[in-house]
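*Asks:* Quick one: structure below, then a few questions.
The values are calculated or read from the model by the stated rules, or taken from the named source; none is laboratory data. The model shown is predicted, which means the values in this text are computed figures rather than measured ones. When we count neighbours, we look across all protein chains shown, and the Cβ atoms used for this are built from the backbone with ideal geometry, even at glycine.
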Amino acid sequence: MGKDNLFHKVRERKALDLDRKKQIRQRQPRVLIVCEDSKSSAYYFQDMTKAFGLSAVDVRGKECGSAPSSVLQYAEQEYEQEKSSDPYDRVYCVFDRDQHRSFLPTVKKISALKISGKPFFAITSTPCFEIWLLLHFDYISHPFTARKRSPCDEAISELHKEAKLDGYKKGIGGVYAKLSGQKMQDAIKHAKRLLKDNKRTGSDNPETNVYELVEYLASLTKPTK
């Protein structure tokens, strides 16, 4: 009887160990995405992660300010706070170039963090996140500059043309649902082409690498082997 109990306990322990290993293999990486304020990018990625079923991805926006430096500061605080319990595998800082003085210093600091071994990534758009949205409809490469309106307002104005995103404004939700599927694939293709063309011409306006985060999140939906 005692031997039988011992045998069952050993078998149960092995089964539990196997289940635990399977859970570890199947565990989604824990990801933190920090966006500016409660801007459109925060709503966009919240909707995307929900659609993809990515419960291990945290999207923050209203918790920090709009300056790139404040986005990074908040992201670092969250990363350090969680490091000893349930650490983030990746931390993405999503911010616009716009007219922020802290843009380039923040990009450089994130690069330095990555070199030091911390999983930080800069996801930026010039002049603003709306460039990524525009690329869902067409390939664009003309610069957005301040005229009677700010560069970002110029980009938003283009979104209103030809009924691309009628009624769009900063901080609006529901945009991802309108731009998923083939439109998203078109945006990825256009954004990659734009970066390639910018390297050739020396331009950085417009520009966005939002596609890098989008592709990474999409990769998390694929079953692990």
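*Asks:* Among what's in the stretch 186-225 and is among the small types (Gly, Ala, Ser) and in contact (Cβ under 8 Å) with a residue 24 or more places away in the chain, pick the residue that is farthest from Val57 (Cα to Cα).
*Replies:* Restricting to residues being among the small types (Gly, Ala, Ser) and in contact (Cβ under 8 Å) with a residue 24 or more places away in the chain, the top hit is Ser203.
*Asks:* Check Ala163 against each of (1) touching a helix residue (DSSP H, G or I) at 6+ places or on another chain (Cβ under 9 Å); (2) modelled with pLDDT under 95; (3) loosely packed, with under 14 Cβ neighbours inside 10 Å and name the one condition it does not meet.
*Replies:* Going through (1) touching a helix residue (DSSP H, G or I) at 6+ places or on another chain (Cβ under 9 Å); (2) modelled with pLDDT under 95; (3) loosely packed, with under 14 Cβ neighbours inside 10 Å one by one, Ala163 breaks only (1).
*Asks:* May I pose another question? Just to be sure, is Leu213 hydrophobic (A, V, I, L, M, F, W, C), surrounded by 12 or more Cβ atoms within 10 Å (Cβ to Cβ) and within 17 Å of Ser41 (Cβ to Cβ)? Give the derivation first.
*Replies:* Working: hydrophobic (A, V, I, L, M, F, W, C): yes; surrounded by 12 or more Cβ atoms within 10 Å (Cβ to Cβ): yes; within 17 Å of Ser41 (Cβ to Cβ): yes.
Yes; evaluated as a whole, the condition is true for this residue.
*Asks:* Can you report the number of residues in the stretch 42-75 which are within 16 Å of the chain's Cα centre (by Cα) and in a helix (DSSP H, G or I)?
*Replies:* Counting residues in the stretch 42-75 that are within 16 Å of the chain's Cα centre (by Cα) and in a helix (DSSP H, G or I) gives 16.
*Asks:* Being in contact with a strand residue (DSSP E or B) (Cβ under 7 Å, 6 or more places away or on another chain) and within 28 Å of Thr49 (Cβ to Cβ), is that true of even one residue in the stretch 165-182?
*Replies:* For the stretch 165-182, residues in contact with a strand residue (DSSP E or B) (Cβ under 7 Å, 6 or more places away or on another chain) and within 28 Å of Thr49 (Cβ to Cβ): absent.
*Asks:* Right, next: Out of Asp98, Asp89, Asp153, Asp138, which single residue is buried (at least 16 other Cβ atoms within 10 Å of the Cβ) and in contact (Cβ under 8 Å) with a residue 40 or more places away in the chain?
*Replies:* Going through Asp98, Asp89, Asp153, Asp138 in turn, just one is buried (at least 16 other Cβ atoms within 10 Å of the Cβ) and in contact (Cβ under 8 Å) with a residue 40 or more places away in the chain: Asp98.
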